[in-house]
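Novice: Right, I'll just put the structure down here and ask away after.
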Amino acid sequence: MSGAVETLPVDKLPAGDVTVAVEYSTLNYKDGLVLTSGGGLVKTWPHVGGIDFAGTVEKSENPGFRPGDKVVLNGWRVGELQWGGYATKARVKGDWLVQLPPTISARRAMAIGTAGYTAMLCVMALEKHGLRPATGEILVTGAAGGVGSIAVAILAKLGFNVVAATGRPQEADYLKTLGAATIIDRKELTEAPDRPLLSERFAGVVDTVSGVMFARALAQLKYGGAAAVCGLAGGASFPGSILPFILRHVTVYGIDSVMLPKRPREEAWRRLGTDLPLDQLDGTVSEAGLSDLMALAPKILKGEVRGRVVVDVAR
């Protein structure tokens, strides 16, 4: 498989009732899979990747949108089964779009992207569970990555005591600027627990990794604690036990950002406009053009990309 930047006529766009002039997209782990091998996600070629985009409505046959509206799209298998945001124009179903809050520009929307939107969903799940800053420490795994870094920033702004786990100790200062109170090396979480319950430490977990790391974090959750689970970079299975659930009354929330209904999407983006320190977010962002993506894709799969990559589709 190879990638190239090409000019195509607008009539090549897929069916949809809203056409968007895309301003920015971004690079996620799933984009890395699509760009390198397809990752089993792409069924037909040629294909336009990019699971996120933000821009301005150019044409609409959907009553919910008018030309000039600022919109964002995350998920719905766009960039996988349907052409995505790595283009200057996209045509999609209007029901997949969310109006951008006035406090968030198109560029910042892609600095947030699916990663930040997913991080907000994780925080909302922990809050719905009843966790508050006084409840105790919140562990964030994969903290220097896209989801993890934004989860750290949101939780810290809300007053939580955040423990950031990362395999990149050189990122400790970066994570502290985002608000992490404690940094731990992921090696502390990469040995499978030798017993089903370890000493209680964390009130909650935002897990972006899964695998052994999640199993060890689960075994350290306090009674009545909760984990919001949204990633599987460490594998789809974990060597855990049912005992944390039935002896410590622990709850695990699975976080899906792809097919989530519109109302919680809108609430997540509303919250991102108020609860994410956008000035701090700017410091986590690097910018790329479409021609840079093929070189960046393998790096994000290896965990070598810090924070967020915003893709300016015009360059």
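The values are calculated or read from the model by the stated rules, or taken from the named source; none is laboratory data. In this text, all values refer to a predicted model and were calculated from it rather than measured experimentally. Virtual Cβ from ideal backbone geometry, glycine too; neighbours counted across all protein chains shown. Note: accessible area is taken over every heavy atom of the protein model, side chains too, but ligands, DNA and RNA are not part of it. Shrake-Rupley method; radii C 1.70, N 1.55, O 1.52, S 1.80 Å.
Novice: Could you pull out the pairs from LYS12/LYS59; LYS30/LYS302; LYS128/LYS262; LYS30/LYS299; LYS157/LYS299 whose alpha carbons sit more than 20 Å apart here?
Specialist: LYS157/LYS299
Novice: In addition: Computing the accessible area with a 1.4 Å probe over protein heavy atoms, can you report the carbon and sulfur percentage for the chain?
Specialist: 53
Novice: Can you find, among GLY68, GLY16, MET124, the residue sitting farthest towards the positive end of the charge dipole of the chain, where Lys and Arg contribute +1 and Asp and Glu -1 at Cβ?
Specialist: So the residue we want is MET124.
Novice: Taking the Cα centre of the chain as origin and charging only Cβ (+1 Lys, Arg; -1 Asp, Glu), how large is the dipole, in debye to the nearest 20?
Specialist: 380
Novice: Follow-up. What does the extension gain come out to for LEU8 and GLU200, with contour length at 0.36 nm per residue minus their alpha carbon separation?
Specialist: 63.4 nm
Novice: Which trypsin sites (Lys or Arg not before Pro) does the stretch 240-314 hold that lie in a coil by DSSP with at most 10 other beta carbons within 10 Å?
Specialist: Sparse-neighbourhood loop trypsin sites (Lys or Arg not before Pro): LYS302.
Novice: Given a 1.4 Å probe, how much area per residue of the chain is accessible, in Å²?
Specialist: In whole numbers, the chain has 43 Å² accessible per residue.
Novice: Right, here's the next one. Considering the dipole of the stretch 172-315 built from charges on the beta carbon (Lys and Arg +1, Asp and Glu -1) around the Cα centre, which of GLY211, PRO196, ALA180 is farthest to its positive end?
Specialist: PRO196
Novice: Of PHE238, THR36, HIS47, whose Cα points farthest to the positive end of the dipole of the chain (charges on the beta-carbon: +1 Lys, Arg; -1 Asp, Glu; origin at the Cα centre)?
Specialist: My answer, from the dipole projection, is PHE238.
Novice: Please state the relative contact order of the chain as a whole percent: Cα pairs under 8 Å, 6+ residues apart?
Specialist: Over the chain, the number comes to 20 percent.
Novice: To the nearest 0.05, what FRET efficiency results for ARG132 and ARG270 with a Förster distance of 25 Å applied to their C-beta separation?
Specialist: Efficiency, from the Cβ-Cβ distance: 0.80.
Novice: If you plug each phi of the stretch 199-210 into the Karplus form 6.51 cos²θ - 1.76 cosθ + 1.60 with θ = phi - 60°, what whole-Hz ³J(HN,Hα) values come out, in order, with x for Gly and Pro?
Specialist: Calculated HN-Hα couplings, in order: 4, 5, 9, 9, 6, x, 9, 9, 9, 10, 10, 6 Hz.
Novice: Another question, then. Expected output is a single nm value to one decimal: the length gained when fully extending between GLU188 and ASP173, i.e. 0.36 nm times separation in residues minus the C-alpha distance. What is it?
Specialist: 3.5 nm
Novice: Can you pull the one-decimal nm distance between simple spin-label points at ARG315 and VAL258, each 7 Å off the Cα toward Cβ?
Specialist: Simple spin-label model gives 3.3 nm for this pair.
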